[in-house]
Amino acid sequence: MTDFTNNSLQSVTIPLTQSDHNIALKFAKPQTSKSKQQQVYVNVLSVLVVKHYLEILGIKSDFNKSYVSQDFYHLTGDIADLKLTDSHLGKQGHLECRPLMKEDNNIHIPVDVSQDRIGYIFVQFDDYYREGLILGFLPTIAQEIIPIHQLQSLPQFLEFLYIKSVKLRDWFEHQFSDSWLSLEETIKLAQLQPQITFQLFPVFRSLPINGLQKQLKKLDNNINLDQPINGLVKIIKTTDNEKMFWDAVALLRLLEPSHPDIGIIRIKQLTNYLESPLILMIHVVEKQSQTIAIALQVNSLTADNKLRPHLTLSLFEGSDQLLKEIVTHSQPLDMNIKLKFNAVLGEEFTVKLTLGDKVFSEHFMV
């Protein structure tokens, strides 16, 4: 077997017992062809290798609640999942345990396992299946063929499992953790004065009718000023122009702050993390095709509302692939910093704020 134990992946070898082979044979024998029997046999062994590895680490899983333990899923596809049930994990659900042989340089990912998986871990076997070498993992799959050198390490796998995610879909069901506050809760908790409140949250400041009408016409000259809400909702649901989308959302918030199409805003106070009176505001709006529009904004709760220089707001795909980054200026000082982007159902991202040697980081799942 190829020895990967000294490379950067820090692979782990797990021995297999006769009992493991008996379990794999139990699921393989009912299959209708030799090739299908071999596939199921190796898939089950791969799952058992990962199960034993997690047991060593004290991580709970349930083989009997995995798809691989149900004959129906073997008849209809090529699956090798293990259901992770440990409440201490940030990730719970079906972990795909894909097998490969010692001569394989690439890993084939069946279409059957491209969805409903919290991640993918890879197990290499020799011709005798006496042990399994856990090579590494991937949090998501973007292609059918994966070169081995693209795998992430097992330490990264464990970090991935334990990361607690803020599930943005829960926000649309009005399920929030205690640390993410509404606008009203933030104002009350921070005891903000009206001037600061209006600067941070313009929705609490009304516009003169003629000023509002001017903004509506600027957004869309054809909008019906007698029924502007209908026009704004139409823009939100149909436009591909991101600036027009967010301008329409902002105007709809001014006209009808409780309208369902303005999305959800929650705020986290960061004073305890960054030793500076800062807040992170996240605005999420449902779009078409299972897409969520997301706006991040960082503000200061100081009297002048100005951010300290060299505050960095970073956006990562998953937990480690930097997508965007913005840094506050020193001349002049910024009033806020913003990032806007779209994410699809199931996507994960991380927001990180850095000020000097202080760091705040939060992981999100759409």
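Computed from the coordinates by the stated procedures, all read-outs in this text should not be read as laboratory data. Quantities reported herein were computed from a predicted structural model and do not represent experimental measurements. Using ideal geometry, Cβ is built from the backbone for each residue, glycine included, and neighbour counts are taken over all protein chains shown.
Numerical summary
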{"item": "HN-Hα J in Hz across the range 262-276 - Karplus 6.51, -1.76, 1.60, θ = phi - 60°, x for Gly and Pro", "result": "8, x, 10, 10, 10, 9, 10, 7, 10, 4, 6, 8, 10, 6, 8"}
{"item": "Enclosed volume per residue, in Å³, of the convex hull spanned by Cα atoms of the range 12-162", "result": "104"}
{"item": "Among 57-69, 241-253, 138-150, the order from most to least packed when residues are scored by Cβ within 10 Å on average", "result": "241-253, 57-69, 138-150"}
{"item": "Value in Å of the Kirkwood radius, where the range 167-365 supplies the Cα pairs that are averaged", "result": "17.9"}
{"item": "Kirkwood Rh in Å, taken over the chain so that all alpha-carbon pairs contribute", "result": "23.6"}
{"item": "Fully extended contour minus Cα-Cα distance, from ASN106 to LEU75, at 0.36 nm per residue", "result": "8.6 nm"}
{"item": "Spin-label model distance (nm) - THR302 vs ASP170, 7 Å beyond Cα toward Cβ", "result": "3.4"}
{"item": "TYR128-LYS188 FRET efficiency (beta carbon distance; Förster radius 56 Å; 0.05 resolution)", "result": "0.25"}
{"item": "In the range 119-168, chymotrypsin sites (Phe, Trp or Tyr not before Pro) in a DSSP loop with at most 11 other beta-carbon atoms within 10 Å", "result": "TYR128"}
{"item": "Contour excess over end-to-end distance, with Cα ends at ILE229 and SER177 and 0.36 nm allotted per residue", "result": "15.6 nm"}
{"item": "Helical segments meeting 27 Å axial Cα length and Kyte-Doolittle -0.5 threshold in the chain (DSSP H)", "result": "34-56"}
{"item": "Filter on LYS164/LYS306; LYS234/LYS306; LYS287/LYS352; LYS164/LYS338; LYS60/LYS287 - keep pairs with C-alpha separation over 29 Å", "result": "LYS164/LYS306; LYS234/LYS306; LYS60/LYS287"}
{"item": "Full-stretch length increase - TYR162, LEU323 - with 0.36 nm per residue and alpha-carbon distance subtracted", "result": "55.7 nm"}
